[in-house]
Amino acid sequence: MGILPPPRLVVATDDPRARRRRWLLLGLGWLATVVAAWFAGGWLSSPLEAQLRDRLRTVERQLAERTGQNATLEERLAIATRADQISREANLALQQTLAEREEELAGLRADLEFYERLVGGGTRQGLRVHDFRLRPIPGSNGFGFVLTLTQTARRGAEVTGRVEIAVEGVRAGRVERLDWRALLQDPEADAMRFGFKYFQRIDGSFVLPRDFAPSRVLVSGRGDGGESIEQTIAWRDALGAEENDDVGQ
């Protein structure tokens with residue numbers, strides 16, 4: 001086995017200028033790498049960025065078109081909804097008007113039939129009571145009444161005046177007459193006004209004292225032209241009168 005020679009030691013001296021050159025070369029190399037990477041990234045990203053920008057502009061344009069179309073559709077929908085509402089309201093108003101006209105026509109037909117019966121005999125008559133009906137008011141000692149006045153002597157000419165009613169009966173064993181003001185319990189009550197060409201229905205009500213037993217109704221009045229009314233109706237007949245056709249004024 002041979003003997004190894006002793007190790008050789010090499011002593012290197014530190015050169016500051018060489019060290020600076022190495023650091024400078026390293027720095028320049030790193031800077032060159034960064035610049036190369038920047039140029040390479042810009043060259044690679046430029047086409048992609050352009051594509052993204054084009055796509056963004058396309059999407060924005062499509063969004064604007066869709067927004068405009070949506071606004072147009074909403075406007076059309078609002079117009080259609082309003083038109084439908086107006087049509088429904090007009091239809092309801094028309095139906096109501098037709099119902100009112102049918103009711104008015106039925107009333108006119110009833111009036112015509114009533115007047116034809118009134119003048120059917122061919123005899124012209126002056127101001128008179130055609131009908132008087134009484135109706136008890138439930139829960140009280142009051143009565144509603146319907147007074148129908150007619151005239152055929154002055155066709156087409158209006159007759160005006162005042163009319164009132166009174167009730168005769170018995171109270172405390174004595175015959176008593178309650179005039180219009182007593183029936184209304186108003187000492188200043190005026191007689192009922194009338195004004196018509198052929199006939200008129202007058203509605204009203206009054207209250208009797210609880211200890212008063214009525215027997216008959218007296219209707220009296222005077223027209224402004226001098227015509228007068230004097231008619232007596234039995235209380236029982238007035239209460240038992242059948243419903244006649246409605247007559248308008």
query = Is it the case that G204 is of a type in the set (G, A, S), out of contact with any Lys or Arg (no Cβ under 9 Å at 6 or more places or on another chain) and in a strand (DSSP E or B)?
reply = yes
request  = With respect to V129, determine if the residue is of a type in the set (A, V, I, L, M) and modelled with pLDDT of 90 or more.
outcome  = yes
task = Could you figure out which of (1) of a type in the set (G, A, S); (2) out of contact with any strand residue (DSSP E or B) (no Cβ under 9 Å at 6 or more places or on another chain); (3) modelled with pLDDT of 95 or more isn't true of S215?
result = (2)
query = Would you call W43 of a type in the set (A, V, I, L, M, F, W, C), part of a helix (DSSP H, G or I), surrounded by fewer than 10 Cβ atoms within 10 Å (Cβ to Cβ) and modelled with pLDDT under 75?
reply = yes
message = So for the range 218-229 (the condition being out of contact with any Gly (no Cβ under 6 Å at 6 or more places or on another chain) and hydrophobic (A, V, I, L, M, F, W, C)), does at least one residue qualify?
response = yes
query = Counting only residues that are aliphatic (A, V, I, L, M) and surrounded by fewer than 17 Cβ atoms within 10 Å (Cβ to Cβ), how many does the range 219-238 have?
reply = 1
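The values are calculated or read from the model by the stated rules, or taken from the named source; none is laboratory data. Just so it is clear, the structure is predicted and the values come from calculations on it, not from any experiment. Cβ atoms come from the backbone with ideal geometry, glycine included; neighbour counts cover every protein chain shown.
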